[in-house]
Amino acid sequence: MKVLYFAWLRERIGLPFEVVSTRADDVAGLVAELAARSEAHALAFSDMRAVRVALDQELSDMSAPLAGVAEVAFFPPMTGG
Amino acid sequence: MSVSVQAADFDLGAEMAALRAGRSDIGAVVSFSGLVREVTGGGGMTLEHYPGMTEAALAEIEAKACARWELLGSRIVHRFGALEPGAQIVLVIAAARHRAAAFEAAEFMMDYLKSRAPFWKKEGVGEASRWVDARDVDEDALKRWD
């Protein structure tokens with residue numbers, strides 16, 4: 001599974017993306033696995049109120065199942081326009 | 001109906017002309033251009049986006065506007081990358097038979113762009129740069145369209 005990071009999540013983790021194999025059933029489970037990868041990951045995921053998620057490029061939420069998902073992206077609330 | 005996500009600048013006059021070309025059914029065209037404001041400490045901003053998802057999100061926003069109002073044309077252009085103060089960031093155009101639909105559809109598309117299109121603004125340069133926080137007022141602006 002490809003995991004992408006944007007904005008300050010990308011900066012804190014130090015990677016634009018990484019390929020991970022996960023045993024998590026849902027997004028929250030994947031976050032717990034990712035947060036355990038390094039201190040930088042733990043810091044990036046320390047306040048989940050400030051993190052949004054997209055599954056295969058569709059906005060989703062932390063309780064969404066991961067079955068069949070190929071691409072997960074984590075990012076802060078969007079600030080376009 | 002079309003959307004573009006690009007680093008290059010856009011020309012409002014040319015976009016407007018393209019939308020009106022060969023048409024005599026349009027009675028109202030509303031456009032909105034968003035610009036980079038100068039922030040304290042100087043410098044412009046850098047816009048990051050999520051290639052692929054961005055284009056799909058903009059197309060979905062435009063489709064929602066077209067489903068809600070009887071638009072005769074629409075256009076969204078959003079830039080990314082490094083932008084200097086005064087630079088154009090975003091363009092939204094809505095064309096309709098009458099002005100009410102054009103005004104409302106343009107505002108609707110901008111409200112959705114602010115918090116539903118995957119862009120992130122970073123203000124300033126170097127050490128002094130900071131990611132712009134999402135504003136509650138932008139989230140609240142969406143509620144009036146529920």
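The values are calculated or read from the model by the stated rules, or taken from the named source; none is laboratory data. Source: prediction; values computed, not measured. Don't worry about glycine lacking a Cβ; one is built from the backbone with ideal geometry, like all the others, and counts go over all protein chains shown.
A compact table of results
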| read-out | value |
| --- | --- |
| Considering residues of segment B:122-136 that are free of Cβ contacts under 8 Å to residues at least 40 places away in the same chain and surrounded by 15 or more Cβ atoms within 10 Å (Cβ to Cβ) only, the residue farthest from residue B:112 (Cα to Cα) | B:131 |
| Residues of segment B:21-35 that turn out to be over 30 Å from residue B:85 (Cα atoms) and touching a residue at least 24 places away in the same chain (Cβ under 8 Å), as a count | 5 |
| Residue check for residue B:135: within 13 Å of chain A (Cβ to nearest Cβ), closer than 26 Å to residue A:57 by Cα and not polar (S, T, N, Q) | yes |
| Qualifying residue in segment B:27-47 (condition: surrounded by fewer than 17 Cβ atoms within 10 Å (Cβ to Cβ), under 15 Å from the mean Cα position of the chain (by Cα), among the charged types (D, E, K, R) and on the phi < 0 side of the Ramachandran plot) | no |
| Residues within segment B:89-103 that are surrounded by fewer than 24 Cβ atoms within 10 Å (Cβ to Cβ) and touching a helix residue (DSSP H, G or I) at 6+ places or on another chain (Cβ under 8 Å), tallied | 2 |
| Qualifying residue in segment B:40-56 (condition: of a type in the set (Val, Ile, Thr), in contact with a helix residue (DSSP H, G or I) (Cβ under 9 Å, 6 or more places away or on another chain), modelled with pLDDT of 95 or more and under 25 Å from residue B:72 (Cα atoms)) | no |
| Options B:65, B:57, B:141; residue that is small (Gly, Ala, Ser), more than 12 Å from chain A (Cβ to nearest Cβ) and either crowded, with 17+ Cβ neighbours inside 10 Å or in contact with a strand residue (DSSP E or B) (Cβ under 9 Å, 6 or more places away or on another chain) (or both) | B:65 |
| Helices (runs of 4 or more DSSP H) completely within chain A that count 1 or more residues being within 14 Å of chain B (Cβ to nearest Cβ) and out of contact with any Gly (no Cβ under 6 Å at 6 or more places or on another chain) | A:7-13, A:39-44 |
